[in-house]
Structure formats: C-alpha cells, structure tokens
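Just below is one structure, and these are the notes that go with it.
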Amino acid sequence: VTVAYNKDPSPVKVNLGVGAYRTEEGKPLVLNVVRRAEQMLIQNESRVKEYLPITGLADFNKLSAKLIFGADSPAIQENRVATVQCLSGTGSLRVGGEFLARHYHERTIYIPQPTWGNHPKVFTLAGLTARSYRYYDPATRGLDFQGLLEDISSAPSGAIVLLHACAHNPTGVDPTLEQWEQIRQLMRSKALLPFFDSAYQGFASGSLDKDAQSVRMFVADGGELLMAQSYAKNMGLYGERVGALSIVCGSADIAVKVESQLKLVIRPMYSNPPLHGASIVATILKDSAMFDEWTLELKAMADRIISMREQLFNALKIRETPGDWSHIIKQIGMFTFTGLNSDQVAFMRQEYHIYMTSDGRISMAGLSSRTVPHLADAIHAAVTKLK
C-alpha cells in the first residue's frame with residue numbers, strides 16, 4: 001500500500017494503510033518526554049555501551065510488569081512474574097511462542113479471525129500450530145461473541161488462546177468487561193492458557209489502567225498467563241524495538257525456572273536485547289514527573305484518534321451516506337474496519353487517491369481534519385456507486 005502511495009503524484013492522496021501515529025499535519029511524532037529522556041541519557045557521562053544481560057535491563061523489566069499488571073498486583077508481590085526484555089511486540093510473541101513450543105504440553109494456539117497478519121506467521125515459525133476462533137461479525141461490524149464462546153469451548157483442554165488486550169487489530173472491536181469476564185471463566189474452566197498481546201496500552205482509551213483491565217482480571221484469579229508488551233505505539237518508539245514478555249506463573253519457584261528457560265530461548269536467537277530504547281522507557285517510568293508528562297502526551301494522541309472517528313462519522317451522516325456507520329465511533333484504537341469491500345477500496349484508490357488495505361481497514365491516525373471531508377466523499381461515492 002505504501003509503495004503505491006509513494007508512486008502516486010496526486011496532491012490529494014491520503015495514506016490510511018500505515019500502522020503508526022501521525023500528527024494533524026501528517027507527520028511522525030516524537031514525544032517531548034522521550035526527547036527529554038534521551039537528552040538525560042546522552043548527558044550522563046557515566047553511561048557505557050556494555051552488553052545488557054540476556055534478559056535485558058532489570059529496571060525496564062520490573063517497571064514494564066508493573067505498568068501492565070498494576071503496582072499492587074498480587075502476582076508481582078508474590079514474585080510469580082518472569083519478565084524479559086524483547087524486540088518490541090513481535091519479538092515478545094516469538095520468544096513466548098518458542099518457549100511454549102519447547103516446554104508446554106499443548107502445541108496449539110487459537111488466534112482470533114481476523115487478527116494482525118504477523119500473528120499466524122510468528123507462532124507457526126515458533127513451532128506451534130495456529131487455529132482460529134471466530135471474533136468479528138461483518139454483519140454487525142462488531143464482536144461475534146457467540147461464535148467466540150463456541151470456538152473457545154471446543155478447543156482442547158490446555159490449548160493456548162491469543163487475546164488482544166485492547167484495541168483489537170485490525171477491527172478495533174473489543175469485548176465489554178462483562179464479556180471479558182465470561183471469556184475468563186470459560187478459559188479457566190477448560191484450563192486454557194491465555195497469551196495476551198498488548199500493543200496499545202493507554203493508546204486506545206487514553207487511560208493506561210483502563211486499557212489493562214482485561215489482563216488484570218486474568219491475573220487476579222491467580223492463574224497462569226503470557227503477556228507480550230510493546231512500546232512502539234504508546235511511547236512512539238517504533239524503530240527502537242522496545243518490548244517485554246512477562247509470564248505469570250503459579251509460584252515464585254516456577255518463575256525462577258521459567259526465566260532460566262527463557263534465557264535458553266533468547267541466547268541463540270539474538271544473545272541480548274538493545275540498550276537505548278529500554279533505557280528511555282525506564283527513565284520515563286521511574287520518574288513520577290516524567291511519567292505524568294507521558295500520560296498527558298499519550299492521552300493527547302488517543303484523543304486525536306477519537307476525534308477523527310467522530311469527525312468521520314459526522315461527515316458521513318451529513319452526506320447521508322447509505323448504511324449504519326456507528327461502528328466508526330464504537331470501535332477503538334488506531335484502526336477502523338470500515339466494512340468496505342475490495343472493489344470499493346480499489347475504486348477509492350483509483351478515483352480519490354485514498355490508500356488502505358483491501359480488507360477495508362483504515363488507520364485513523366493517518367487522518368486529519370483536512371482529509372476527513374475527502375475520505376467521506378470517497379466512501380459516499382464508493383458505497384452509492386458500487387454495492
């Protein structure tokens with residue numbers, strides 16, 4: 001999508017395919033608090049470039065677990081969490097997948113249909129068998145909750161289930177808290193192992209705690225789970241590749257053994273993780289003033305995306321575009337699953353120079369107040385001319 005967009009000479013072209021935040025001016029954003037943290041690191045003359053341990057930066061690992069599970073998490077207090085620094089979300093998933101393929105008794109992982117395109121590849125190459133469970137209902141452009149429960153019910157006891165912690169990619173459709181509780185009860189009753197992928201904590205609703213509620217419900221019951229975290233979106237550290245894998249274990253004794261086995265997965269894969277990005281994150285998370293500054297900047301990014309949803313919804317309403325478009329404001333996070341088909345997507349690219357993936361997914365972060373009317377015109381034309 002991006003290659004085609006770059007080749008297009010049109011002055012009105014819009015790229016809604018990219019999975020990264022953009023400002024109202026369409027530019028990448030480096031957070032002020034990140035720049036400040038980097039300045040502090042650079043000015044610290046005592047910092048060296050030695051290798052990190054295999055598990056990564058200790059401060060970063062401790063603070064990352066605290067951020068997702070909560071400062072008062074019983075799992076953290078009881079030392080039942082093994083955390084290792086990984087190469088962003090993808091690396092965390094891959095290390096977790098390889099660990100499970102090596103040491104877990106059930107090699108099947110159930111992933112939502114649809115999901116992020118890299119999920120099945122990562123887990124298959126890690127040595128697991130990927131199967132899917134129903135998630136999205138194209139008719140309602142919402143959650144197929146009944147289908148989800150049926151498919152998870154019929155999974156073999158002990159199977160692994162991948163769950164998007166919040167802001168499901170690509171649909172933007174999340175379960176309600178009540179639905180999460182039903183999912184939790186069902187999974188625990190069947191001894192299914194949750195593997196959470198959290199790429200958008202704080203970026204979805206604007207609240208770090210709210211976006212971690214699903215995960216914390218599963219930790220509160222004392223059961224085991226895996227957690228992949230990424231700081232690409234919520235700190236804008238895309239190219240620094242900063243992430244963490246946490247495994248919540250049944251006891252502190254098991255957590256020690258799990259960490260040891262994780263080292264054996266990581267060592268032949270990349271030896272140890274990079275220093276710079278994790279140092280930025282640790283600097284921000286351990287300083288209360290910088291942490292507060294980060295939460296404000298994070299909320300501003302989330303609020304801009306929410307505002308783009310409202311503007312697009314209103315623009316379609318004003319144009320009386322056929323169909324119900326309320327899913328645009330009901331969905332959450334970076335992406336919206338518009339419900340447009342591949343012919344309509346091709347038409348919009350051809351006639352309006354609007355670029356998105358053929359499944360009709362658009363990145364809300366790629367929109368601005370200036371481009372919303374153009375997109376609304378394009379959707380209106382596509383829907384009225386092509387069924």
Residue selected from region 1-17 under the condition open to solvent by less than 50 Å² (accessible area, probe 1.4 Å), more than 23 Å from the chain's Cα centre (by Cα) and among the aliphatic types (A, V, I, L, M), by the criterion farthest from residue 296 (Cα to Cα): 4
Residues of region 127-142 classified as crowded, with 21+ Cβ neighbours inside 10 Å and at pLDDT 95 or above, total: 4
Which numbered condition residue 324 misses (of (1) part of a loop (DSSP other than H, G, I, E, B); (2) buried (at least 19 other Cβ atoms within 10 Å of the Cβ); (3) among the charged types (D, E, K, R)): (2)
Considering residues of region 208-220 that are open to solvent by 60 Å² or more (accessible area, probe 1.4 Å) and either assigned to a helix (DSSP H, G or I) or in contact with a strand residue (DSSP E or B) (Cβ under 8 Å, 6 or more places away or on another chain) (or both) only, the residue nearest to residue 177 (Cα to Cα): 213
Counted residues, region 10-27 - those being under 16 Å from residue 170 (Cβ atoms) and free of Cβ contacts under 8 Å to residues at least 60 places away in the same chain: 0
Only one of 309, 267, 304 that is part of a helix (DSSP H, G or I), at negative phi, open to solvent by 70 Å² or more (accessible area, probe 1.4 Å) and touching a residue at least 24 places away in the same chain (Cβ under 8 Å): 267
Which listed residue is touching a Gly at 6+ places or on another chain (Cβ under 9 Å), crowded, with 20+ Cβ neighbours inside 10 Å, hydrophobic (A, V, I, L, M, F, W, C) and closer than 30 Å to residue 100 by Cα, from 242, 281: 242
Count - residues of region 218-264 that are in contact with a helix residue (DSSP H, G or I) (Cβ under 9 Å, 6 or more places away or on another chain), among the acidic types (Asp, Glu) and in contact (Cβ under 8 Å) with a residue 40 or more places away in the chain: 1
The lone exception for residue 20 - which of (1) loosely packed, with under 13 Cβ neighbours inside 10 Å; (2) at pLDDT below 95 it fails: (1)
So residue 153, is it at pLDDT 95 or above, in the same structural domain as residue 81 (by the TED database), farther than 30 Å from residue 283 by Cα and among the polar types (S, T, N, Q): yes
Any pair with Cβ under 6 angstrom, 6 or more apart, that starts in region 186-209 at a residue that is outside the structural domain of residue 173 (by the TED database) and within 20 Å of residue 116 (Cα to Cα) and ends at one that is modelled with pLDDT of 95 or more and of a type in the set (Ser, Thr, Tyr): none
Sole residue being at negative phi, out of contact with any Cys (no Cβ under 7 Å at 6 or more places or on another chain) and at pLDDT below 95, chosen from 84, 3, 34: 3
Cβ pairs under 6 Å, 6+ apart, first in region 38-58 and at pLDDT 95 or above, second open to solvent by 40 Å² or more (accessible area, probe 1.4 Å) and not in a loop (DSSP other than H, G, I, E, B): 54/263; 54/267
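When you scan region 28-62, how many residues do you find that are closer than 26 Å to residue 172 by Cα and open to solvent by less than 40 Å² (accessible area, probe 1.4 Å)?
Residues of region 28-62 closer than 26 Å to residue 172 by Cα: 28-31.
Checking the rest, the ones that are also open to solvent by less than 40 Å² (accessible area, probe 1.4 Å) come to 31.
Adding up the residues that qualify gives 1.
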Residue selected from region 143-172 under the condition surrounded by fewer than 16 Cβ atoms within 10 Å (Cβ to Cβ) and of a type outside the set (S, T, N, Q), by the criterion nearest to residue 211 (Cα to Cα): 147
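For residue 95, indicate whether it is within 22 Å of residue 256 (Cα to Cα), surrounded by 17 or more Cβ atoms within 10 Å (Cβ to Cβ) and among the hydrophobic types (A, V, I, L, M, F, W, C).
Details: within 22 Å of residue 256 (Cα to Cα): yes; surrounded by 17 or more Cβ atoms within 10 Å (Cβ to Cβ): yes; among the hydrophobic types (A, V, I, L, M, F, W, C): yes.
Judged against the criteria, residue 95 is a match.
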Unique residue being buried (at least 22 other Cβ atoms within 10 Å of the Cβ), within 22 Å of the chain's Cα centre (by Cα), under 28 Å from residue 30 (Cα atoms) and not acidic (Asp, Glu) when the list is 329, 354, 362: 362
Some residue of region 194-207 being open to solvent by 10 Å² or more (accessible area, probe 1.4 Å) and in a helix (DSSP H, G or I): no
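The values are calculated or read from the model by the stated rules, or taken from the named source; none is laboratory data. Just so it is clear, the structure is predicted and the values come from calculations on it, not from any experiment. Every residue, glycine as well, gets a Cβ built from its backbone with ideal geometry; the counts of neighbours run over all protein chains shown. For accessibility, only protein heavy atoms count, side chains too; no ligands or nucleic acids. Shrake-Rupley method; radii C 1.70, N 1.55, O 1.52, S 1.80 Å.
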